[in-house]
Amino acid sequence: MMTLATACMEEKHREWGLAMQAELEEAIDAGKPLRFAFGCLVAALRRMPVHNEGRFSLTAHAFALGLLIPVAALQIGLALFGFPHTLARGSALTSGQNALLAGTYHATIPLLVVLMLVLAIGHLGMAWLLLNRDWPRVVKAGALTLSTTIAIVTFMAVLNLEIDQALLQGAILVVELAVLAGLASWHTDLPQPAEADPAA
């Protein structure tokens, strides 16, 4: 709990967090460690909207938990129970498609399921890497997700399938990548942790 409270503080006040951890020893001796730690955590959380680092952290968590992860869950649901299986029942085929090609469409189902699961994994990866502020790997996960979306849309277009749902997911992905780019730019403006002196 004390570690979380310290992490919620802006960089210039991290020394206060270290001081609070030292005071925790006194609280332990007094028999009130949880009360002290909880009070420190509440105080740190209340200050988060006040400073720029706190606002960044709150925004990043809201974006990851409120959009990236739900979209990943939706894509997993669609992959396992949604679109590919409606294709198997023939409901996704357009009226101009030949019934003799039904076997070909059915053969594409495993590939579509795999691509949609890769899309979901990409979203989960972007959420995890965003919260860890690992921007180079966020770029790689975003590129994987974008290329997978393009592959799905192209694949469905070649098979003359309805692509409205895939295009909608692609539009959402473009918005997500734009938000991630904005968060990365915002993060570069934040105070960075001081690097330890190798000679120390």
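Overview of values
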quantity	calculated
Test set (1) open to solvent by 60 Å² or more (accessible area, probe 1.4 Å); (2) at pLDDT 85 or above - Gly96 fails condition number	(2)
Answer residue from segment 157-166, given it is surrounded by fewer than 15 Cβ atoms within 10 Å (Cβ to Cβ) and among the hydrophobic types (A, V, I, L, M, F, W, C) and is farthest from Met126 (Cα to Cα) among those	Val158
Those helices (runs of 4 or more DSSP H) lying entirely in segment 105-190 with at least 2 residues of a type in the set (S, T, N, Q) and within 25 Å of His61 (Cα to Cα)	135-158, 164-188
Options Leu87, Leu67; residue that is under 25 Å from Thr149 (Cβ atoms) and at pLDDT 85 or above	Leu67
Breaking point among (1) open to solvent by 70 Å² or more (accessible area, probe 1.4 Å); (2) at pLDDT below 90; (3) aliphatic (A, V, I, L, M); (4) closer than 20 Å to Thr149 by Cα, for Met116	(1)
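The values are calculated or read from the model by the stated rules, or taken from the named source; none is laboratory data. Bear in mind the structure is a predicted one, so any value in this text is a computation, not a measurement. Here Cβ is always computed from backbone atoms with ideal geometry, including for glycine, and neighbour counts include all displayed protein chains. Remember, those area values only see protein heavy atoms, side chains included, never the ligands or the DNA or RNA. Shrake-Rupley method; radii C 1.70, N 1.55, O 1.52, S 1.80 Å.
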